Amino acid sequence: MTELRTIEIKQEILAENSREADAFRAARRAEGTYMIDIMGSPGAGKTTLLLALIEKLRSEGGAEIGVIEADLASDVDALKIKEAGVAAVELNTKNVCHVEMGMVEQAYAAFAGKKFDYVFLENIGNLVCPAEFDTGCHCRIMLLSVPEGYDKVYKYPPMFAVVDALVVTKFDYLPLNPDFDRQALREGARALNPKLEIFEVSARTGEGMAELASWLRARRQEELKQA
Ligand SMILES: Nc1nc2c(ncn2[C@@H]2O[C@H](COP(=O)(O)OP(=O)(O)OP(=O)(O)O)[C@@H](O)[C@H]2O)c(=O)[nH]1
Ligand SMILES: [Mg+2]
């Protein structure tokens, strides 16, 4: 009995969150802002990838970019982004392990009307909970780093199933991780999500970054056509 009630409440919360997310997404599209949710385990390379990606997007064609940095407790990543000269808002979730719409709306409001071409949300480092919550973004990307191992596709399937792209990060580590089975990862991920785009990148060497940046640019153009 108790268990049933718990499930009902959770479904109501998720449904309300999805309604708010749809409205937020439409409002951002109308103003030309493309929002990207970046998810992955602690240390998968989210902040480092963002810094490299922002540099690419800015250097090739220029772009106004903002970042919402969600963290359980600290402002470490928000400061890194600000130090790189990028508009950043810190979203402190006070130990909540995912980001949901109320938080995104508050964080976005802190940009105080500034207009962006792209806004990235660095979600909480967690391979499980963020998959469940729509954050009002137009694109969801998950990162899996080579040192974490390809078998995470079998152990944590929900996130692989909901994202638009899988970015395999720290690709420069591949020679040190000969057991990283790229083919098995591809097959496992596409079995969960046939439309999944897969990129193999290293923020350290720059490998794969241009492809990822041009894919995002094209996705933004497509999204804005629907406005
Ligand atoms: N060799 C190598 N190291 C990387 C790469 N990307 C990130 N790192 C390193 O991995 C560590 C974690 O990177 P972060 O970017 O902080 O990871 P994160 O996912 O933002 O971490 P949290 O925000 O704590 O969840 C740092 O020491 C980075 O320097 C890469 O492409 N190659
Ligand atoms: Mg980070």
| said: Going by what's in this entry, would K225 be described as more than 20 Å from L91 (Cβ to Cβ), away from ligand 2 (no atom under 16 Å from the Cβ) and modelled with pLDDT under 95? | reply: yes
| So which of L79, L50 is within 13 Å of ligand 1 (Cβ to nearest atom) and open to solvent by less than 60 Å² (accessible area, probe 1.4 Å)? | L50
| Looking only at region 92-112, which residues are under 15 Å from the mean Cα position of the chain (by Cα) and assigned to a loop (DSSP other than H, G, I, E, B)? | C97, H98, V99, E100
| message | Checking the condition within 19 Å of D134 (Cα to Cα) and open to solvent by less than 10 Å² (accessible area, probe 1.4 Å), which residue from D37, D71 passes? | response | D37
| All positions within region 5-19 that are under 18 Å from M103 (Cα atoms) and open to solvent by 60 Å² or more (accessible area, probe 1.4 Å) | K10, E12, I13, E16, R19
| remark: Of the candidates L72, L49, the one satisfying the condition of being in contact (Cβ under 8 Å) with a residue 24 or more places away in the chain and under 30 Å from K225 (Cβ atoms) is L49
| note | Across (1) at pLDDT 95 or above; (2) within 14 Å of ligand 2 (Cβ to nearest atom); (3) in contact with a strand residue (DSSP E or B) (Cβ under 9 Å, 6 or more places away or on another chain); (4) not β-branched (V, I, T), L51 clears everything bar (3)
| said: Taking the conditions exactly as written (open to solvent by 20 Å² or more (accessible area, probe 1.4 Å), polar (S, T, N, Q), closer than 23 Å to F199 by Cα and away from ligand 1 (no atom under 16 Å from the Cβ)), does S59 satisfy them or not? | reply: yes
| task | Residues being part of a helix (DSSP H, G or I) and either farther than 15 Å from L166 by Cα or β-branched (V, I, T) (or both): count how many of those fall in region 196-213. | result | 1
| Answer from V86, V76 - the residue that is within 16 Å of ligand 2 (Cβ to nearest atom), more than 15 Å from the chain's Cα centre (by Cα) and modelled with pLDDT of 95 or more | V86
| Got a sec? Which of I36, I68 is within 16 Å of H98 (Cα to Cα) and in contact with a Cys (Cβ under 7 Å, 6 or more places away or on another chain)? | I36
| task | Kindly indicate whether any position in region 93-112 is buried (at least 17 other Cβ atoms within 10 Å of the Cβ), touching a strand residue (DSSP E or B) at 6+ places or on another chain (Cβ under 7 Å) and charged (D, E, K, R). | result | no
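The values are calculated or read from the model by the stated rules, or taken from the named source; none is laboratory data. It should be emphasised that the depicted structure is a prediction, and the values quoted were computed from it without experimental measurement. As a convention, Cβ positions derive from the backbone with ideal geometry for all residues, glycine included, and neighbour counts pool all protein chains shown. The protein model used for the area step is the full one, side chains on, heavy atoms only, and it has no ligands, DNA or RNA in it. Shrake-Rupley method; radii C 1.70, N 1.55, O 1.52, S 1.80 Å.
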